[in-house]
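Structure record follows, encoded as structure tokens.
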Amino acid sequence: MPLETLGWADCLRNYTEPVWAVRHSDLERYSDESVYRSVCPRDDCEGLLLVARNSITGELVADDHCTLCAQRVKYLDIARMRRELR
Ligand SMILES: [Zn+2]
């Protein structure tokens, strides 16, 4: 689906889709300068997965979602991410 046709209904649909289990290490980084940001794994999407931190502990959060299509993901390699990403 072309990005310009994505609307709120599409975002809501994706947000209620099953969570995708992904490895952060397998995703395409948004840029060479970003160790966190990934390109959304949906083929037709140019949105980003930003990786969140717990606002109290600062620990990286395993659950994330795309900034554009709202697809939710869970990082299977969150333990490695917490060790290696600062
Ligand atoms: Zn997306």
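FYI, it's all coordinate maths here, none of it is from the lab. Since the structure is predicted, the reported quantities are computational estimates derived from the model, not experimental observations. Quick reminder, even Gly has a Cβ in these numbers, built from the backbone with ideal geometry, and neighbours come from all protein chains shown.
Observations, loosely collected:
- Simple rule: put +1 on each Lys or Arg Cβ and -1 on each Asp or Glu Cβ in the chain, find the dipole, and look at 52, 69, 39; the Cα lying farthest toward the positive end is 52.
- The alpha carbons of the chain occupy a box of 39, 27, 20 Å along the principal axes, longest dimension given first.
- Order by protection proxy (mean Cβ within 10 Å, highest first), peptides 13-20, 50-57: 13-20, 50-57
- Per DSSP, loop GluC sites (Glu not before Pro) in the chain with at most 13 further Cβ within 10 Å: 28, 33, 46, 59
- The charge dipole of the chain, taken about its Cα centre with unit charges on the Cβ atoms of Lys, Arg (+1), Asp and Glu (-1) only, comes to about 460 debye.
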